[in-house]
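Notes for the one structure printed next.
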Amino acid sequence: MTFFTIVVRGLMRRPVRTGLTLVGISIGIAAVVALVGISRGFETSWEAGMKTRGTDVVVSNMGSALTPKPFSASVVDRITPIPGVAETCSLLVELMSIEKAEMMIVSARQWGGFSWKNLKVVTGRLPHDAKERAVVLGKTAAEMLQKKVGDTLQLETEELAVVGIVDGGAVVENGSVVLSLSLLQELTGSEGKINIIDLRVTPGTSKEQLNKICDDITKAVPEARAVIAGEHIRDSQAYRMISAMSWGTSLLAVLVGVLGVMNTMLMTVFERTQEICILLAVGWKRRRIVRMVLLESALLGLLGGLGGVALGFIGVKLMINLPAIRGLLEPDLNLTLLARSVGIAVVVGIFSGLYPAWRSSRLSPSQALHG
Amino acid sequence: MATSDTGPGCVFEAIALKKEYDGGQVQALRGLDFRINEGEFVAIVGQSGSGKSTLLQLLGALDHPSTGTLHYRGSSLAERADLSDYRAHEIGFIFQAFHLLPTFTALENVQIPMFETNRPAADRKARAIELLRLVGLEGRQHHFPAKLSGGERQRVAIARSLANGASVLLADEPTGNLDSENAALILDLIVRLRREQSITLVLVTHDMSIARQAERVIEMKDGRISADTLNAATSRNPI
């Protein structure tokens, strides 16, 4: 028998209570994993989308909505002369409800712009020109909309031909409906408006130079902001709100976990008062009692954390298939997040055990003789 | 550290030992003076509330005296830096209600005090097996307390009290929860072990038939020693 055996037996003394506490911690940690994983996934998915399009800098005005605010397409004329700018591609990106899909990315791109070039045709073809009243669908979007080449797609008031299914190399790209910029401007009555400019810089540009180009663009175009690709999503108030809410909810879940473990450990100490006094009476040092209680609560945290990570992982995998978010993001459930979540659970366990451990250390061995 | 010149044969020496509760409203011990010598078997008798269990708690360092001094082998217990060491290595406690840990087997219960020693796990187990054999429970090692009879539980408790090689056994009504047949067997076991291992035994009881087996009987009344007598039939040491 080892000291760890004693710790485990302490927890197994009330298996139902221990089990319920573990479920409580697991749900809390699952919430952390799911919410943080999804909010980070939102960021990384958009970043990956930018990378596959070969975008170095994004010019946009990320306001409080999930998509940027529109501005005049003429701002491109003020950007192209800036030194270091190699190529631009104007976009109008909207989140729209299309047929069966509650929310879908509609990505309208300047005809001939470089943002078309990453799209690999899986079946069918790309539109012949900017004027063709046609769309191509990312492969996930095609699945969600249950469309194939030759079908039509209702966009606003017009039925457009689906001429191709494409692989964009990233979740966001594959979940998009792609069409020419002028066509969407016409359909949505947004003539002359864009909300994103994808920009490539000259090869060999350093990070410092990239930052300077961003500063120069922001000065030249006060109605928008130039940000290195991937960072622009963090500028969005909506993203910040989602991120803050996910951390806030996680914090609440952790707090509930702390109270749950503390309650369990306090009950354990109260119930085992005489046992603890006997341990003191047979010569156990107070610090060993404290260590026993803290190890029990840490073990509760560890097991709850592992359960929570598993629960969160499975939950997120199920959640991303929901119609509302499918194709919008790939949750970022990296090892660091999972390890950190387990770490949080262990810290929660230890923290929650401090007061019960202190209480147990204050007991007098003389109580062993009573009862 | 305060020492006493009582000589090497004296295990305990109490000087004006008092214990009060509730700010002095309850006086459990009202100034005791006595000595207990090496290898003695002392029975402490008295009615409920006479202070005998309180005295045992002080001897076992489960509680502190309010005033007065208690020396153990010449040095004051109050001045010991770590009383848990004293409880772990110098004394063994046997309780009336056995006080075994219910979620541990007999073998594991005996190992519990050994966690405060440097013994490796295998040694702890071997020692526990040896002690259980000594108390006649070799076949019941893996039984939980709930599956043991009262007598068997007390045997496990006796084995536990000897786990770290205590030289003093403090027993608080060790047969109080047992039927007369088991009580006799347990008392015989304690007396035999005490004799074989040269242990000093202090036994609290209200049963005079048990007290008569001791070499010396301290009678307590209202927190005071009312009589301290040698049993002519069993005594070997002077008070």
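Values quoted throughout were computed directly from the atomic coordinates according to the rules given, and no laboratory measurement underlies them. Since this is a predicted model, take the numbers as computed values, not measurements. Note that each Cβ is placed from the backbone with ideal geometry, even for glycine, and that neighbours are counted across all protein chains shown.
Taking 0.36 nm per residue of separation and subtracting the Cα-Cα distance, what length does fully extending A:GLU231 through A:LEU126 add?
Value of the extension gain: 34.8 nm.
Assigning unit charges at the beta carbon (Lys, Arg +1; Asp, Glu -1) and nothing else, what dipole magnitude in debye, to the nearest 20, does the range B:1-149 show about its Cα centre?
With only Lys, Arg, Asp and Glu charged at Cβ, the dipole is about 480 debye.
Answer with one residue from A:GLY301, A:PRO331, A:LEU259: the one whose Cα lies farthest towards the positive end of the charge dipole of the protein assembly as shown, charges on Cβ with Lys, Arg +1 and Asp, Glu -1.
Checked the options; the winner is A:GLY301.
With just the Cα atoms defining each centre, how far is the range A:146-217 from the range B:105-120? Give it in Å.
Each part reduced to its Cα centre gives a spacing of 72 Å.
Fully extended, how many nm does the chain gain between A:TRP358 and A:ASP215 (0.36 nm per residue separation, minus their Cα-Cα distance)?
Gain on stretching A:TRP358 to A:ASP215: 45.9 nm.
Contact order normalised by length for chain A, with contacts defined as Cα pairs under 8 Å and 6 or more residues apart; what percent is it?
Result for chain A is 30 percent.
Give me the number: length gained by fully extending B:ARG192 to B:ILE15, i.e. 0.36 nm times residue separation minus the C-alpha to C-alpha distance, one decimal in nm.
60.6 nm
How compact is the range A:55-228 by the rule of thumb for globular proteins, expressed as Cα Rg over 2.2 N^0.38 Å?
The reported ratio for this selection is 1.04.
Based only on other Cβ atoms within 10 Å, what is the fewest-to-most ordering of A:TRP358, A:TRP111?
With the sparsest Cβ surroundings first, the list reads A:TRP358, A:TRP111.
For B:GLU219, enumerate residues with amide H under 5 Å from its amide H, sequence gap 5+ or separate chain, H modeled in the peptide plane.
B:VAL45, B:SER226, B:ALA227, B:ASP228, B:THR229
How big is the charge dipole of the range A:50-179 about its Cα centre, in debye rounded to the nearest 20, if each Lys and Arg gets +1 on its Cβ and each Asp and Glu gets -1 on its Cβ?
Roughly 300 debye, rounded to the nearest 20.
Does the range A:142-261 classify as rounded, prolate or oblate by the C-alpha gyration tensor (a ≥ b ≥ c root eigenvalues; a/c under 1.5 gives rounded; else a/b over b/c gives prolate, otherwise oblate)?
Taking the square roots of the gyration eigenvalues as a ≥ b ≥ c, the range A:142-261 is oblate.
Provide B:MET220, A:MET245 in ascending order of the number of other Cβ atoms located within 10 Å of each residue's Cβ, fewest first.
Ordered from fewest to most neighbouring Cβ atoms within 10 Å, B:MET220, A:MET245 come out as A:MET245, B:MET220.
What ratio of Cα Rg to 2.2 N^0.38 Å holds for the range B:6-57?
1.28
What list of ³J(HN,Hα) couplings, whole Hz, do you get for the range B:145-152 from phi and the Karplus terms 6.51, -1.76, 1.60, once you set θ to phi - 60° and write x for glycine and proline?
Result, rounded to whole Hz: x, 4, 9, 10, 6, x, x, 5.
Positive end of the dipole of the range B:1-153, charges at C-beta (+1 Lys, Arg; -1 Asp, Glu), about the Cα centre: which of B:GLN25, B:ALA88, B:GLY151 has its Cα farthest in that direction?
My answer, from the dipole projection, is B:GLY151.
Would you be so kind as to identify all helices of chain A, as entire DSSP H runs, whose Cα atoms reach 15 Å or more along the helix's own axis and whose mean Kyte-Doolittle hydropathy is at least 0.5?
Both cut-offs are met by A:15-52, A:237-271, A:286-319, A:335-361.
Evaluate E = 1/(1 + (r/R0)^6) for A:ALA310 and B:HIS142, where r is the Cβ-Cβ distance and R0 equals 30 Å; express this FRET efficiency to the nearest 0.05.
Working from the Cβ atoms, E equals 0.30.
Of B:LEU137, B:HIS206, B:HIS99, which is farthest along the charge dipole of chain B in the positive direction, counting Lys and Arg as +1 and Asp and Glu as -1 at C-beta?
The one lying farthest along the dipole's positive direction is B:LEU137.
At a Förster radius of 41 Å, what calculated FRET efficiency corresponds to the Cβ-Cβ distance of A:ARG240 and A:PHE270, to the nearest 0.05?
Efficiency at R0 = 41 Å is approximately 0.40.
Could you go through the range B:42-54 in sequence order and give the Karplus-derived ³J(HN,Hα) for each residue, using 6.51 cos²θ - 1.76 cosθ + 1.60 with θ = phi - 60°, rounded to whole Hz, and x for Gly and Pro?
Karplus-based 3J(HN,Hα) across the range B:42-54 equals 10, 9, 10, 10, x, 6, 4, x, 7, x, 5, 6, 4 Hz.
Which lysines, if any, have their Cα less than 23 Å from the Cα of B:LYS147, not counting same-chain residues under 8 positions apart?
Counting by Cα, and skipping residues close in sequence, B:LYS147 has these lysines nearby: B:LYS125.
Divide by every residue of chain B the summed helix terms, -39500 (n - 2.57) for each DSSP H run of at least 4, and state the resulting mean residue ellipticity at 222 nm, rounded to the nearest 500 deg cm²/dmol.
Computed mean residue ellipticity for chain B: -8500 deg cm²/dmol.
Can you compute the FRET efficiency between A:LEU252 and B:SER149 using 1/(1 + (r/R0)^6), with r the Cβ-Cβ distance and R0 = 60 Å? Round to the nearest 0.05.
0.70
Counting other Cβ atoms within 10 Å, keep those with at most 13, restrict to DSSP loop, and tell me which trypsin sites (Lys or Arg not before Pro) in the range B:153-226 are left.
Those that pass, being in a loop and sparsely packed, are B:ARG212.
Springs between alpha-carbon pairs under 10 angstrom, Gaussian network model over chain A: which of A:ALA298, A:ALA86, A:ALA30 fluctuates most?
Per the Cα network of chain A with a 10 Å cutoff, A:ALA86 tops the list.
Would you calculate, for chain A, the mean residue ellipticity at 222 nm contributed by helices, counting each DSSP H stretch of 4 or more residues as -39,500 (n - 2.57) and dividing by all residues, to the nearest 500?
-17000 deg cm²/dmol
Output the relative contact order of the range A:55-228, whole-number percent, from Cα pairs under 8 angstrom with separation of 6+ residues.
In percent, rounded to a whole number, it is 35.
To one decimal place, what orientation-averaged projected area in nm² is obtained for the convex hull of the Cα set of chain B?
Approximately 13.2 nm², given one-decimal rounding.
Among A:GLU186, A:GLU223, which comes first, second and so on when ranked by fewest other beta-carbon atoms within 10 Å?
So the residues, fewest neighbours to most, are A:GLU223, A:GLU186.
Note the direction-averaged projected area, equal to a quarter of the hull surface, for the Cα convex hull of chain A, in nm².
Its Cα hull, projected and averaged over all orientations, spans 23.5 nm².
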